[in-house]
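Have a look at the structure below before the remarks.
The values are calculated or read from the model by the stated rules, or taken from the named source; none is laboratory data. Bear in mind that the values here come from a model prediction, so they are computed numbers and not experimental data. No Cβ is skipped: glycine too gets one built from the backbone with ideal geometry, and neighbour counts run over all protein chains shown. For the accessible areas, the whole protein counts, side chains as well, though only heavy atoms, and no ligand, DNA or RNA atoms are used. Shrake-Rupley method; radii C 1.70, N 1.55, O 1.52, S 1.80 Å.
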Amino acid sequence: MRLPTPRILFLLAFAGCLVLIGSALYMEHGMDMEPCPLCIFQRVAVIAAGLCCLIGLLLGGSRLGARLSAVLVALAALAGIGLAGRHVWLQHLPADQVPQCGPGLDYLLDVFPWQDVVSKVLRGSGECAEVSWTFLYLSIPEWTLIVFIGLFAWAALIWVAAGRSHPN
């Protein structure tokens, strides 16, 4: 089976990341769904993956460039898997174990050092446990987790395609 070139695969992944960010912005501004801090961190992971795909578009002409970029996409996807997985876990906690709602991310960034902000966001809060939207019985973080797993697999496909399109 002939795989597409790494650049084509990076382009498709980059387009997918743009669609994801566009969807998140539509949900926030068009549907008035305020993102929780973990949602914002997941957006950062999608943006990071998209930027790594853009780097892959630029460097994908060489085997080393394509493979290095694929590793960067995989790392961004792994970060997203961790964030989305944590978010899904919070959403499935029993009601009596859900953490209390906390201040917004803007406040946290204004008051605390970034290390404390990351720690507080990863611990989660009550608003992160709310399920405000579902599609096919899955919440936004559950869909996001699926997407990040797919993006990780896509990065592996790019790795393979880079080896086939650039033989030694």
**Item:** Among residues of region 77-99, those that are at pLDDT 90 or above and open to solvent by 20 Å² or more (accessible area, probe 1.4 Å), counted
**Value:** 6
**Asked** Restricting region 7-46 to residues that are of a type in the set (Phe, Trp, Tyr) and within 23 Å of Leu64 (Cα to Cα), which is least open to solvent (accessible area, probe 1.4 Å)?
**Response** Phe10
**Message:** Just to check your reading of the model, which residue among Ala49, Ala74, Ala70 is crowded, with 24+ Cβ neighbours inside 10 Å and within 11 Å of the chain's Cα centre (by Cα)?
**Reply:** Ala49
**Message:** Go through region 135-155 and report how many residues are in contact with a Phe, Trp or Tyr (Cβ under 9 Å, 6 or more places away or on another chain) and aliphatic (A, V, I, L, M).
**Reply:** 2
